[in-house]
Amino acid sequence: MRRMLIIAAFTLAAFAQMAGLAQMAGFAAEPTYPARTVRLILPFGAASATDITARLFADRLSARWGKPVVVENRPGGDGLVALNAFIGARDDHMLFFGPAAIFLVHLYDEEKSGYNLRDIAPISQVYVTVLAISVPASLKLGTMDELVALARAYPGKLNAAAATGNSDFLIFGFIKSRSLQIAKVPYRDIMQAPNDLAEDRIQILSSSLAVAQPMMRAGRIKVLLVTSRQRALGQPEIPTAAEAGYPELTMETSGGLYGPPQMPPSLRESIARDFREIAEADPIIAKRLADTGQIMTLRGPAEFARSIEEQNQQLGALAKTLGLKSAQP
């Protein structure tokens, strides 16, 4: 018995020594993620569609991970305040949540493109933002054909506005490609535009459906089409661009979660799986997204990256139409 105890003691000591050597050599087991509070950095303010979506998942991730997941709203600079905070941190517990357009459109602006797409690693696509083309209800227009005809009949008489990003590239690329004479009205805060549209101070608005919804539901503006490939679940009566006869206005505006480039692929896959399982377990999430003009679209890192590249190529073609060059080397 004594001999057995001595052998056991030597065996345990050997295992302890091996474990210590392995740890020193960097072979220790990968720590569980997250190890501390996770921060989701948003480029928009509270109560925006993106904010609502982020908080829905943050609450459920906190319960799932056993660590706080907090949403930090950092609006400003057309999204650059949040984006620069995220990129500068290079911390896998500080993640970016928002539309890909936030960082794609700045690639065509020398003053704002102080980053590279390699700085941003897609983790999980969560939604597609439904974009909409709207006009004043007072114009009595029912289709995009009628709007184009009106613009041709009154060159230089119509004004258009768009949210910064995909909406801007899409509508003004379309206007230029159709040789329409429509003036561009800039807005620092696109939330002011629906009221001006309702009052006929501008005649065309390209924005997210969420921005247009309040005035649309009040009957003061008319949404002619949505740019997503499928109709908005919350407004199924509105045709898609393809259904309206304008497939060139189709654009999938993907959004979701991104991490720093050094985040391991296995960890990104794991987080994406958590998002998918949370959404599958709670149908209220998809409904809340639909209510805010979004379509829940859960994709992993590779699929999300392909969606972003597709969007990037479309923006590049529109930029060329608009005479813009990429500021990236």
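The values are calculated or read from the model by the stated rules, or taken from the named source; none is laboratory data. Since we're looking at a predicted model, the values are computed, not measured. Note: ideal-geometry Cβ built from the backbone for every residue, glycine included; neighbour counts use all protein chains shown. Each accessible area value is taken on the protein alone, full model and side chains, heavy atoms only, with ligands, DNA and RNA left out. Shrake-Rupley method; radii C 1.70, N 1.55, O 1.52, S 1.80 Å.
Residues in the chain average 48 Å² of solvent-accessible surface per residue, probe 1.4 Å, ligands and nucleic acids excluded.
Here, P(r) means the percent of Cα pairs in each 10 Å bin from 0 to the largest distance; for the stretch 129-247 it is 15, 52, 32, 1. Taking only the C-alpha atoms of the stretch 196-329, Rg followed by Dmax gives 17.7, 52 Å.
In this structure, the amide hydrogen of Ile221, modeled 1.01 Å from its nitrogen in the peptide plane, lies closer than 5 angstrom to those of Ala137, Met216, counting only residues at least 5 positions away or on a different chain. Note on the chain: antiparallel DSSP beta bridges, both residues inside, total approximately 60 percent of the bridges counted. Evaluated with a Cβ-only charge set (Lys, Arg +1; Asp, Glu -1), the stretch 179-329 carries a dipole of roughly 280 debye about its Cα centre, given to the nearest 20. Relative to the dominant Cα principal axis of the chain, helix 166-177 is inclined by about 40°. This model, with +1 at the C-beta of Lys and Arg and -1 at the C-beta of Asp and Glu, gives the stretch 89-211 a dipole about its Cα centre of some 420 debye.
Taking 15 Å as the cut-off, the amide N atoms of the stretch 115-143 that come nearer than this to a point 7 Å along the Cα-to-beta-carbon line of Gln262 belong to 119-121. Here the chain is assigned +1 on the Cβ of each Lys and Arg and -1 on the Cβ of each Asp and Glu. Its dipole about the Cα centre then comes out at about 380 debye. Helical runs assigned H by DSSP (4 residues or longer) give the chain a calculated mean residue ellipticity at 222 nm of -13000 deg cm²/dmol, each run adding -39500 (n - 2.57) before division by the residue total.
Site pair Ser177 and Arg90 shows an inter-label distance of 4.0 nm when each label is modelled 7 Å from Cα along Cα→Cβ.
Here the spin labels are modelled as points 7 Å beyond Cα on the Cα-Cβ line, and at Ala153 and Glu248 they lie 2.2 nm apart.
Between the Cα long axis of helix 265-281 and the first principal axis of the chain there is an angle of about 60°, rounded to the nearest 10.
By accessible area, using a 1.4 Å probe on protein heavy atoms only, the chain has 55% of its surface on carbon and sulfur.
What translational D, rounded to a whole number of µm²/s, comes out for the chain from Stokes-Einstein when the hydrodynamic radius is the Kirkwood one over Cα pairs, at 20 °C and 1.002 mPa s? Walk me through the intermediate numbers first.
Numbers: Rh = 21.7 Å.
Translational diffusion coefficient: 99 µm²/s.
The figure for Arg217 is an accessible area of roughly 150 square angstrom, using a 1.4 Å probe on the protein chains alone.
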